[in-house]
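Just so you know, all these numbers are worked out from the coordinates, no wet-lab data involved. Note that the structure is predicted; figures quoted are calculated from it, not measured.
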Amino acid sequence: MGFSSWITADTKESIPCSGSSRPTFPVWLNLPDGRAIEETRYDGYSRFGNRDFYAFVVEINDIAKPQSGREREFDQKSRDLGITLYYATLDKEKPDLRRYTEAERKKCEELLVVKLPRISRHPAKELLADGQDHGR
């Protein structure tokens with residue numbers, strides 16, 4: 001697992017890693033279902049609120065959900081699929097799903113639009129108050 005850098009959707013600021021010389025600030029992972037998860041000290045490994053960003057992509061698109069108490073195991077199994085879907089969506093390409101189970105492939109292929117979380121300096125209710133789409 002390598003470092004990942006992110007830019008906030010609302011203010012277009014680079015999110016500093018907790019190990020860098022820049023001061024950190026809280027950010028929010030705003031999910032399409034309305035949940036907003038605060039991360040106060042981003043560690044550089046795509047985790048927000050102790051959950052993996054890419055595993056959230058799999059969960060919010062209803063491809064798979066963690067079983068009670070098994071979030072960590074779910075995140076490890078789902079991270080790779082989430083990365084595949086996320087970058088295929090950004091690049092507007094069809095994802096390569098050959099290495100996934102038939103059930104996972106079927107769910108992915110049924111998606112008309114892949115829903116993606118947005119990372120911002122503010123929770124979704126503040127982000128959307130002006131009615132504008134503030135990007136990824």
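Where the Cα atoms of segment 27-123 are projected onto their three principal axes, how long is each span, largest first, in whole Å?
Principal axes ranked by extent give 37, 31, 24 Å for the Cα atoms.
Holding the Cα-Cα limit at 21 Å, pick out from 12/65; 12/107; 12/77; 65/107; 92/115; 65/92 the pairs that are longer than that.
12/65; 12/107; 12/77; 65/92
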